[in-house]
Structures are given as structure tokens and as C-alpha cells.
Amino acid sequence: MKKFEEKTIEKQVMYEGKIINLQVEKVELPNGKESSREIIKHPGAVCVIAVTDEGKLVMVEQYRKALERSILEIPAGKLEQGEEPIITAARELEEETGYGSEQLVHLISFYTSPGFADELVHVFVAKNLYKIENARGADEDEFVELEEITLEEAERYVNEQRIFDAKTAYAVQYLRLQQTLEEAKRV
């Protein structure tokens, strides 16, 4: 048994949805006692850190029902079954922003909420952006507005909670670190 492993004794699917499934698992704890775990199963997602030639971070504003408000986010979306993350990243960048990228570079992947969900987000950096004529639009149930902002504006929006999700806050911190490293090289 792996350190701290919880052995699944019984699994019950409570809900199967378009985006997530919910299951409850009865588990045996490392000390031999039993407990239950509510687990969200998610196919995974991507997000794209895209910066224009003018140094503007490409963002979308959209309403998030779970938060009952609109927030600014980097382009992102759910993996389709069997789809490679880099394909999803290119598709979402185009659909949400009208941009394409000559090169998408995988930066990191991370779990969003491992205490109750298995959603794995793959973060990509888009290099050499270009506008796509007649770009695929957003999904029919998705309403987004493109915004291009400076890093300083993004940092202010984090403090104002206009940027309020982990993937976008990560992107802002990543870009600040890259800028700081570039400045240190020039010294």
C-alpha cells in the first residue's frame, strides 16, 4: 500500500453530467477505519497565456454562474474526449479570442482542487500570436468579450478581484516573474 493510501471499498456514481461526474467512494483509511469521499471526475482542461506583440495579455471576460459574477480570465476550456491538450489549447485560443499562435509551449499542468476533484489543467504559453480571419466563435452557450490588458493592469485587477481564479492569477505571476528575470539579465 502507498503511504497514506485510501483503498476504495465501494463506489457509487451519484451524477453524470455534461462537464463533470460526481461519485461517492467508501474507503478504508490507512488506520483501518472507514470513511467516505465525494469526488468530482473531470476530463481535464487547458488554459493559454497569450501576450500580443504590444505586450498586452489576452483575456476574456465572462459571467461565471458559480460565482454569480463576471471575471477576467485567460482563454481556457475543457478537453474533449481523446483530444490532446495542445489541440484544445489552439481551439480555445481561436474560439474565445480570434487569435492563433505559431507555437504553443506546454508550461505546466496542475490539479485545481485535489481534495475533491481530479481536474488537471494544462497551461500553455502562446508564442507569436496572429489574428485569424473568420475565426471559429465561442460555443453557443458561451458569451465572452475579448480584453487586452497590460501586466500592471492585470496585477491591479487581481487586487481588485476582477481577476479571481487560480489559473489567471498564476498567469499574471508567471508573466511578472518572466519580466523580472529579463530585467535581471540586463543588469
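The values are calculated or read from the model by the stated rules, or taken from the named source; none is laboratory data. These numbers were taken from a predicted model, which means no experiment stands behind them. Methodologically, a virtual Cβ is constructed for each residue, glycine included, from the backbone with ideal geometry; neighbour enumeration extends over all protein chains shown. Side chains included, ligands, DNA and RNA excluded: accessible areas come from the protein's heavy atoms. Shrake-Rupley method; radii C 1.70, N 1.55, O 1.52, S 1.80 Å.
Taken together, the residues in segment 59-98 that are buried (at least 21 other Cβ atoms within 10 Å of the Cβ) and over 14 Å from the mean Cα position of the chain (by Cα) amount to 1. Going by what's in this entry, would A166 be described as open to solvent by 50 Å² or more (accessible area, probe 1.4 Å) and within 30 Å of R37 (Cβ to Cβ)? So A166 fits the description; yes. Checking every residue in segment 169-178 against the condition of being touching a Cys at 6+ places or on another chain (Cβ under 8 Å), within 19 Å of V60 (Cα to Cα) and assigned to a helix (DSSP H, G or I) gives at least one match.
Within segment 63-81, residues that are farther than 19 Å from V158 by Cα reach partners that are aliphatic (A, V, I, L, M) and open to solvent by less than 20 Å² (accessible area, probe 1.4 Å) with beta carbons closer than 7 Å, at six or more positions or on different chains, in the pairs G77/A45; G77/V46; K78/A45; L79/A45; L79/V46. Please verify whether segment 37-52 includes one or more residues that are modelled with pLDDT of 95 or more, loosely packed, with under 11 Cβ neighbours inside 10 Å, more than 15 Å from the chain's Cα centre (by Cα) and not hydroxyl-bearing (S, T, Y). No, there is no match, as no residue in segment 37-52 is modelled with pLDDT of 95 or more, loosely packed, with under 11 Cβ neighbours inside 10 Å, more than 15 Å from the chain's Cα centre (by Cα) and not hydroxyl-bearing (S, T, Y).
Scanning segment 100-131 for residues that are of a type outside the set (V, I, T) and closer than 14 Å to A76 by Cβ yields L104, L107, S109, F110, E119, L120, H122, F124, A126. Per the conditions (1) in contact (Cβ under 8 Å) with a residue 60 or more places away in the chain; (2) surrounded by 18 or more Cβ atoms within 10 Å (Cβ to Cβ); (3) closer than 24 Å to I149 by Cβ; (4) within 16 Å of the chain's Cα centre (by Cα), the sole criterion not satisfied by L107 is (2). When Y130 is tested against the conditions (1) closer than 13 Å to A50 by Cα; (2) touching a residue at least 40 places away in the same chain (Cβ under 8 Å); (3) aromatic (F, W, Y), the lone failure is (2). Of the residues making up segment 148-163, those that are part of a helix (DSSP H, G or I) and exposed (fewer than 13 other Cβ atoms within 10 Å of the Cβ) are E152, N159.
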